[in-house]
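K.L.:
Please see the structure below; I have some questions.
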Amino acid sequence: MSSPSHQIREFSVLLPVYAGETSENLEKCMDSIAASTCLPQQVVVVEDGPLPAELHRAIDAYHGILPLDNVRLRQNVGLADALNAGLQECECDTVARCDADDINRADRFQRQIDVLNSHAEIGIVGSDTTEFDAEGGTWRAGRRLPVSPDALAKFARMRNPLNHPTIMYRRSVILSVGGYPNFHGLEDYALWVRCLLRGVKIMNIPEPLVHMRTGSSQFSRRRGLRYARAELALARSFYESGFLDLSGYLFFLASRIPIRMLPAPLVALVYRSALR
């Protein structure tokens, strides 16, 4: 364990919003940020393309509650480009990622700042999650991950080693590897591997600090030919970079691409059982 010479006291929140989100979900997310035991210096809301009036009203209502900075993109550019645009506007080197439909535990940000202050070698820290089924109204255990940098680096050769909506990272680290690459639905996984290849250490807090909203539409988005192509491109990039050897590359393809071609109910079953 080592302590950085400069202790983190301020951080930015990076929050993308697109037209498909609901104002109710966004308000719950904003409320959870405002109720945090450690408040952000800045909340960068990236409007990924035109938003309906109700979302604009929801965002405007929090200008007196949270230190919001709006980044308005003229058209929907997708998550990777939206996050890269938002990163450019973050004033703090420490950045917490939030999704507009998730709820953050009150102590989330403080717990992650404590890790970064205590471990100068850690560039990215995430956490486990719980999941809220918006359609069934039930809570369930979410995605639990290894904890240590070594265990996560090994895990990354088979599966995404971090839960993206739980992440807090050092902005300088993310910019040093070129930011988020464009891999449909897999941009975060590609980014973590880019970081690992540069020697960046990642860590996970084995507690559910974020409550993630799920539903059938989420699993529908995780299937189809476009997603399968993204998996293929991601695997190829891992192999060409040396992150995966040939056997790892073939196993990666065989274990992931068939899932993308399953019907949505089966994709949900796989995610909620085998991938948890």
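K.L.:
Consider the stretch 121-135. How many of its residues are under 17 Å from the mean Cα position of the chain (by Cα) and open to solvent by 40 Å² or more (accessible area, probe 1.4 Å)?
P.N.:
Summing the residues that are under 17 Å from the mean Cα position of the chain (by Cα) and open to solvent by 40 Å² or more (accessible area, probe 1.4 Å) in the stretch 121-135 gives 1.
K.L.:
On the basis of being modelled with pLDDT under 95, surrounded by fewer than 21 Cβ atoms within 10 Å (Cβ to Cβ) and on the phi > 0 side of the Ramachandran plot, does G179 make the cut? Lay out the reasoning, then the answer.
P.N.:
Values: modelled with pLDDT under 95: no; surrounded by fewer than 21 Cβ atoms within 10 Å (Cβ to Cβ): yes; on the phi > 0 side of the Ramachandran plot: yes.
Taking the combined requirement at face value, the residue does not satisfy it.
K.L.:
Would you check which residues across the stretch 182-203 are open to solvent by less than 10 Å² (accessible area, probe 1.4 Å) and in a helix (DSSP H, G or I) and list them?
P.N.:
Y189, A190, L191, W192, V193, C195
K.L.:
Have a look at G242, G248 and point out the one that is part of a loop (DSSP other than H, G, I, E, B) and either modelled with pLDDT of 90 or more or touching a His at 6+ places or on another chain (Cβ under 6 Å) (or both). It would help to see each step written out before you state the result.
P.N.:
On the way: G248 fails: part of a loop (DSSP other than H, G, I, E, B).
Matching residue, one of G242, G248: G242.
K.L.:
For the stretch 8-120, please list each of the helices (runs of 4 or more DSSP H) lying entirely inside it that holds at least 3 residues being free of Cβ contacts under 8 Å to residues at least 40 places away in the same chain, assigned by the TED database to the domain that holds P208 and open to solvent by 10 Å² or more (accessible area, probe 1.4 Å). Give the derivation first.
P.N.:
Values: elements: 23-34, 53-61, 79-89, 108-118.
Once the helices (runs of 4 or more DSSP H) in the stretch 8-120 are filtered for at least 3 residues that are free of Cβ contacts under 8 Å to residues at least 40 places away in the same chain, assigned by the TED database to the domain that holds P208 and open to solvent by 10 Å² or more (accessible area, probe 1.4 Å), what remains is 23-34, 53-61.
K.L.:
Additional query: Tell me whether the stretch 253-265 contains one or more residues that are closer than 21 Å to R97 by Cβ, at pLDDT below 85 and crowded, with 17+ Cβ neighbours inside 10 Å.
P.N.:
Looking only at the stretch 253-265, we keep the residues that are closer than 21 Å to R97 by Cβ, and these are none.
Taking every residue of the stretch 253-265 in turn, none turns out to be closer than 21 Å to R97 by Cβ, at pLDDT below 85 and crowded, with 17+ Cβ neighbours inside 10 Å.
The values are calculated or read from the model by the stated rules, or taken from the named source; none is laboratory data. For clarity, every value in this text was computed on a predicted model and none was experimentally measured. Every residue, glycine as well, gets a Cβ built from its backbone with ideal geometry; the counts of neighbours run over all protein chains shown. The protein model used for the area step is the full one, side chains on, heavy atoms only, and it has no ligands, DNA or RNA in it. Shrake-Rupley method; radii C 1.70, N 1.55, O 1.52, S 1.80 Å.
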